[in-house]
Ligand code: GLU
């Protein structure tokens with residue numbers, strides 16, 4: 001190939017990329033979505049049992065809930081495009097329209113409701129602590145004074161520690177998997193977030209026998225499905241879909257399949273939850 005030919009090939013591929021990009025964004029604008037349009041769902045990529053990406057495979061309870069809800073909204077599984085939604089980026093992803101919905105261990109809070117709307121809840125978890133198996137001194141949040149604790153930027157557990165336990169040395173990372181790696185390498189003494197998430201890490205093959213969940217939840221984390229602020233019509237459709245997932249038995253099946261392997265005990269006093277009215 002001579003220089004001109006190479007130039008022509010390069011130009012053609014740039015053109016092809018450009019066309020693909022245009023076609024994609026054109027098709028996926030708006031949340032109504034017809035056939036062929038990509039329905040973009042924000043999930044976690046690194047939380048086993050909840051939202052996990054392994055190669056091109058996506059698994060977890062949030063993935064199953066999102067797939068069920070999307071189908072009820074008219075989007076088949078093959079039309080879903082999974083987008084990574086780290087804790088601190090969820091509101092922005094929704095308000096800028098980069099995703100149509102967020103199903104990512106996303107607690108419903110009044111502060112977040114200023115920026116986004118929530119359908120749900122579809123699950124109730126609780127904040128807990130993950131420590132190394134040989135840990136004996138850390139038995140609850142009140143035993144963390146002077147200890148190094150890891151959590152994630154923009155998460156409710158990090159916020160709770162800052163507000164209620166100021167004596168703790170809190171380190172904030174971008175994802176919980178980074179916190180767990182720091183715990184194993186003794187860079188921190190504990191990790192805090194929802195008990196569902198911590199159970200998933202503790203049961204991962206690479207960490208088996210090395211980590212334990214303290215098992216005394218000290219908050220209520222009501223998982224909602226994040227939507228663009230004010231989209232009451234979609235919120236109501238999503239709430240109906242969640243209610244149908246529960247009444248059909250699919251919710252329990254998804255709980256058992258995804259949280260069961262980690263030995264996670266679902267709190268049946270709060271689960272399955274009733275959905276809040278959409279506002
Ligand atoms: N459910 C909590 C939250 O929404 C913690 C889990 C997470 O960061 O995704 O902040």
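Is it fair to say residue 154 is within 13 Å of the ligand (Cβ to nearest atom), on the phi > 0 side of the Ramachandran plot and in a loop (DSSP other than H, G, I, E, B)? Step through it out loud before you land on a result.
On the way: within 13 Å of the ligand (Cβ to nearest atom): yes; on the phi > 0 side of the Ramachandran plot: yes; in a loop (DSSP other than H, G, I, E, B): yes.
So residue 154 passes the test.
One residue is enough: does the range 266-279 have a residue meeting the conditions more than 17 Å from residue 129 (Cα to Cα), in contact with a helix residue (DSSP H, G or I) (Cβ under 8 Å, 6 or more places away or on another chain), outside any helix (DSSP H, G or I) and at pLDDT below 95? So far as the range 266-279 goes, yes, one or more of its residues are more than 17 Å from residue 129 (Cα to Cα), in contact with a helix residue (DSSP H, G or I) (Cβ under 8 Å, 6 or more places away or on another chain), outside any helix (DSSP H, G or I) and at pLDDT below 95.
Table: residues versus (1) in a strand (DSSP E or B); (2) at negative phi; (3) within 16 Å of the ligand (Cβ to nearest atom).
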residue	(1), (2), (3)
37	no, yes, no
40	yes, yes, no
62	no, yes, yes
71	no, yes, no
74	no, no, no
81	yes, yes, no
90	no, yes, yes
104	no, yes, yes
112	no, yes, yes
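In the condition set (1) within 21 Å of residue 273 (Cβ to Cβ); (2) surrounded by fewer than 24 Cβ atoms within 10 Å (Cβ to Cβ); (3) out of contact with any strand residue (DSSP E or B) (no Cβ under 6 Å at 6 or more places or on another chain), residue 90 is compliant with all but (3). Checking each residue in the range 122-139 for being away from the ligand (no atom under 12 Å from the Cβ) and surrounded by 13 or more Cβ atoms within 10 Å (Cβ to Cβ) picks out 122, 129, 130, 131, 132, 135, 138, 139.
Of all residues in the range 157-178, those that are within 12 Å of the ligand (Cβ to nearest atom) and out of contact with any helix residue (DSSP H, G or I) (no Cβ under 9 Å at 6 or more places or on another chain) total 1. Somewhere in the range 68-85, is a residue at pLDDT 95 or above and closer than 30 Å to residue 165 by Cβ? The answer is yes, given that some residue of the range 68-85 is at pLDDT 95 or above and closer than 30 Å to residue 165 by Cβ.
Could you say which residue among 167, 174 is surrounded by fewer than 16 Cβ atoms within 10 Å (Cβ to Cβ) and in contact (Cβ under 8 Å) with a residue 60 or more places away in the chain? Full working, then the answer.
Values: 167 fails: in contact (Cβ under 8 Å) with a residue 60 or more places away in the chain.
After applying the criteria, what remains is 174.
Does residue 66 meet the test of being in a helix (DSSP H, G or I) and surrounded by fewer than 18 Cβ atoms within 10 Å (Cβ to Cβ)? So residue 66 does not fit the description; no. Summed over the range 208-242, residues that are more than 16 Å from the ligand (Cβ to nearest atom) and either in a strand (DSSP E or B) or modelled with pLDDT under 95 (or both) total 5. Do we have any residue at all in the range 245-259 that's assigned to a loop (DSSP other than H, G, I, E, B) and either within 16 Å of the ligand (Cβ to nearest atom) or surrounded by fewer than 18 Cβ atoms within 10 Å (Cβ to Cβ) (or both)? Scanning the range 245-259, I find at least one residue that is assigned to a loop (DSSP other than H, G, I, E, B) and either within 16 Å of the ligand (Cβ to nearest atom) or surrounded by fewer than 18 Cβ atoms within 10 Å (Cβ to Cβ) (or both), so the answer is yes.
The values are calculated or read from the model by the stated rules, or taken from the named source; none is laboratory data. Every value quoted in this text rests on a predicted model; they were computed, and no experiment measured them. All Cβ positions, even for glycine, are placed from backbone atoms using ideal geometry, and neighbour counts span all protein chains on display.
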